[in-house]
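The values are calculated or read from the model by the stated rules, or taken from the named source; none is laboratory data. Since we're looking at a predicted model, the values are computed, not measured. All Cβ positions, even for glycine, are placed from backbone atoms using ideal geometry, and neighbour counts span all protein chains on display.
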Ligand SMILES: [Zn+2]
């Protein structure tokens, strides 16, 4: 582990672009970075969150192909974890707006439901639950230590 200083390293992209010049996102799970980082002599610092130090070395050394497979698995895991909750949230918003027949829904009604869900935070909650489930899956896969192929 290294703590970030005033290094002049260049940022570079991984599959999800998570190795940053500044600690913005965790290179392991995609959540907010903490100011901790991992690096070796050859490559820039990979910033990480407070939950990912145990898996940082493994993720750092992972090939882009392997990381892509982990990320794809995490997307599937996140979708499975939150699908029911998200469907219920969206259907509830539609019913609350008086929309019970989707085939009769107008574009304006749909946009009004989206605007309501944006203003009441339910769309943000959907995004957050998805990101948390993604991050959890990334950590679990790395902790399991299984090659993703
Ligand atoms: Zn993390």
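With the requirement that a residue be in a helix (DSSP H, G or I) and farther than 17 Å from residue 127 by Cβ, what does segment 93-115 give you?
Hits for segment 93-115 are 94, 95, 96, 102, 103, 104, 107, 108, 109, 110, 111, 112.
Can you find, within segment 50-87, the residue that is nearest to the ligand (Cβ to nearest atom) among those that are outside any helix (DSSP H, G or I) and at pLDDT 90 or above?
52
Give the residue, chosen from 102, 123, that is away from the ligand (no atom under 16 Å from the Cβ), over 19 Å from residue 31 (Cα atoms), without any contact (Cβ under 8 Å) to a residue 24 or more places away in the chain and outside the structural domain of residue 29 (by TED's automatic domain parsing).
Going through 102, 123 in turn, just one is away from the ligand (no atom under 16 Å from the Cβ), over 19 Å from residue 31 (Cα atoms), without any contact (Cβ under 8 Å) to a residue 24 or more places away in the chain and outside the structural domain of residue 29 (by TED's automatic domain parsing): 102.
Here is a check on your reading of the model: is residue 29 more than 10 Å from the ligand (Cβ to nearest atom), modelled with pLDDT of 85 or more and either within 18 Å of residue 142 (Cβ to Cβ) or not in a loop (DSSP other than H, G, I, E, B) (or both)?
So residue 29 does not fit the description; no.
Could you grab me the full set of residues in segment 32-49 that are in a loop (DSSP other than H, G, I, E, B), crowded, with 20+ Cβ neighbours inside 10 Å and more than 9 Å from the ligand (Cβ to nearest atom)?
Scanning segment 32-49 gives a single hit, 45.
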